[in-house]
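Just below is one structure, and these are the notes that go with it.
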Amino acid sequence: FPCNNIRNFSIIAHIDHGKSTLADRLLEMTGTINVNSKGANQQVLDKLKVERERGITGNMFYQQEERSYLLNLIDTPGHVDFSWEVSRSMAACQGALLLVDASQGVQAQSLSVFYAAKERGLRVIPVLNKIDLPAAQPERVKAQIHSIFGINPADVLHISAKTGEGISAVLQAIVERIPPPSGEITGNLKAFLFDSSYDRYRGVISLVSIQDGVLRKGDRVASCHTRKKYEITELGQVGYMACNMKQSSEAHIGDTLHRVGEVVEPLPGFQPAKAMVYAGIYPVQSNDFPKLEESIKRLVLTDRSVTVQRESSAALGQGCRLGFLGSLHMDVFRQRLEDEYDTNIVVTAPTVPYRVVYKDRTVVVSNPTDFPDVVDTPEPIAKASIIVPEEYLGEMMDLCFEHRAEDFDHRYLESSGEVSNRVMLTCTIPLSEIVTDFFDKLKSRSSGFASFDYEDAGYKQSNLVKMIFLLNNRPVDALALIVHRSAEQAIGRMWVKKLHKVIPRQLFEVPIQAVVGKKVIARETLSALRADVTAGLYGGHYERKMKHLENQKEAKRKMKRIGRVELPQEAFFDILSNR
Ligand code: GTP
């Protein structure tokens, strides 16, 4: 296909503004949704799609005045945690459709994806979607787009991805406004690896964007990153390729592949994905660990942004510490893991990566157990932006303030004298405050109107403490938490109450304490239980008695001993799953 007739683009949008619906419509309108449906191509694409459970990558042919174009749609996820993946996919595009819901207006992720596209030098085509809705306010949203992005209202397309209205103008704009990929077709091969997945039968499937030269089946290529050599066994549209790569880790995102024997300057790569949230994952039954680890490994092959390390806990046994891009990413992964593994798992409270500064070194700590007792240490912070109708501004500021936010600023997104102006509130906020239930609170306290986005903003000095919990004076490592000094009382009391509720009573009294340093912050006491399991089984019925003791032994195996306290593993599931 002549390079001049190729367009590489993505659709970028705030969640629910209609990305998938528009993608489907484009593929359908060009009648090429199944171009290669008989071949493996479609299967690979379907698989990529299903496995990642996010969006669409596809290619289509579009005819305009005797000229035939190949349009490559490259998927970008539209969620708050996936900004890294968005910019990664953008590296393979020259343009993007910025989709904005005409009834909702510009939302928090509309801004972040727009700036990410601009930063990458992409041509942005503004598209107003859902104009069929009675609540659509195209003129007003166009004014917003103009005031926020400086986009000329005359350049904004009006569509309904649902009814198909305006879609042909979108196709036309793609070929007219987005430039074809540049590069030297006769030059040395340079292929930019921007995504990968794993196929059980064919090994690693990489998505590559050819910057220079030509890539053919049978070619021998090498990685600039690892220097390893491969032979291309399969090629498909939208730049997927298979070669004799066995391990997922060999497909380094941001790598440049070149022809064996040629020398090229590697393309600027990517910072590796940065884990923002960590959690320990354990089986409910300790001896199920091999099965759990196997399931985790299988899933990680399809999601390269998750980091995995083995760890063990005195209370929970063998487990893994996983790192995620954000809490939503963690929830998605957890859900997929529960499906794959098909049993309950214990997930510890999420932790952000703290930096602990010792005299001679700085250590990033992702497990509270490894934290020193009390430290003045830097904690990761985020720059948050919230877009909300102005009547909720005060409520949103209160919410952020309760979560230790600082550096507040706000600006009106519309300059007209409308009744309900939209405001963008920005602030800095500790990452640990937004990885729990912040998003839910934000939604409920704004009646669902607020949209939220955040980006990494480095570290800031903070007053943090490590809180541990004692059962009958023995620490339970899996429950340790890092909290801000100002919240230690409230958090300590809350957890102790919760433990009191879920821990079964023992034959003796059990104190439950929350401790910071040497100080007890909160305490509850579990009163003693008097019981004799064989008491009710009177007289000579030996067999029945034996059976009962046998059952009890079986139950014991599933019990966890913390000092003299016996806890069923399920108690941890109860404690940790209803955070
Ligand atoms: P994520 O993949 O979750 O980011 O969402 P998305 O941006 O892909 O949105 P999706 O295409 O799933 O659309 C969200 C909702 O809006 C769905 O219920 C669609 O049916 C609806 N929708 C999309 N386009 C239109 C449109 O033009 N008009 C109307 N009325 N509804 C639409």
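Cross-link list 359/498; 142/274; 162/217; 359/518: which exceed 28 angstrom alpha carbon to alpha carbon?
359/498; 142/274; 162/217
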On the accessible surface of the chain, probed at 1.4 Å with all protein chains in place, carbon and sulfur together account for a percent value of 49
Rounded to the angstrom and largest first, Cα extents along the principal axes for the chain equal 96, 63, 55
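For residue 494 and residue 402, calculate 0.36 nm times their separation in residues minus their Cα-Cα distance, and state this gained length in nm to one decimal.
So the extension gain works out to 31.4 nm.
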Per-residue ellipticity at 222 nm attributable to helices in the chain (runs of n ≥ 4 DSSP H, -39500 (n - 2.57) apiece, nearest 500 deg cm²/dmol) works out to -8000 deg cm²/dmol
Given GluC sites (Glu not before Pro), DSSP loops and at most 10 other Cβ atoms within 10 Å, the longest exposed-site-free stretch of the chain is 67-579
Going residue by residue through the stretch 465-472, the Karplus relation 6.51 cos²θ - 1.76 cosθ + 1.60 with θ = phi - 60° gives ³J(HN,Hα) values, rounded to whole Hz and with x marking Gly or Pro, of 10, 9, 10, 10, 10, 10, 10, 6
Pseudo-spin-label distance residue 528 to residue 331, built 7 Å along Cα→Cβ, given in nm, is 4.5
Residues whose modelled amide H sits under 5 Å from the amide H of residue 64, counting only those 5 or more places away in sequence or on another chain, are 69
Note to self: C-alpha centroids of the stretch 456-480 and the stretch 195-272 sit apart, in Å, by 43
Two pseudo-spin positions, 7 Å from Cα along C-beta at residue 169 and at residue 132, lie apart in nanometres by 1.6
Inter-part gap, Cα centre of the stretch 83-161 to Cα centre of the stretch 303-324, in whole angstrom, is 38
Taking a straight Cα-to-Cα line shorter than 12 Å from residue 441, and setting aside same-chain aspartates and glutamates fewer than 8 residues away, one finds 395, 398, 402, 433
Summing +1 per Lys or Arg and -1 per Asp or Glu among the other residues with Cβ less than 9 Å from residue 496's Cβ gives +3
From most to least accessible, 1.4 Å probe, no ligand or DNA/RNA atoms counted, 369, 256, 436 line up as 436, 369, 256
Per the rule of 0.36 nm per residue minus the C-alpha distance, extending residue 233 to residue 246 adds in nm 3.4 nm
Mean accessible area per residue over the chain (1.4 angstrom probe, all protein chains present, square angstrom) is 47
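The values are calculated or read from the model by the stated rules, or taken from the named source; none is laboratory data. Quick caveat, the model's predicted, so the values are computed rather than measured. Virtual Cβ from ideal backbone geometry, glycine too; neighbours counted across all protein chains shown. Note: areas computed on protein heavy atoms with side chains; ligands, DNA, RNA excluded. Shrake-Rupley method; radii C 1.70, N 1.55, O 1.52, S 1.80 Å.
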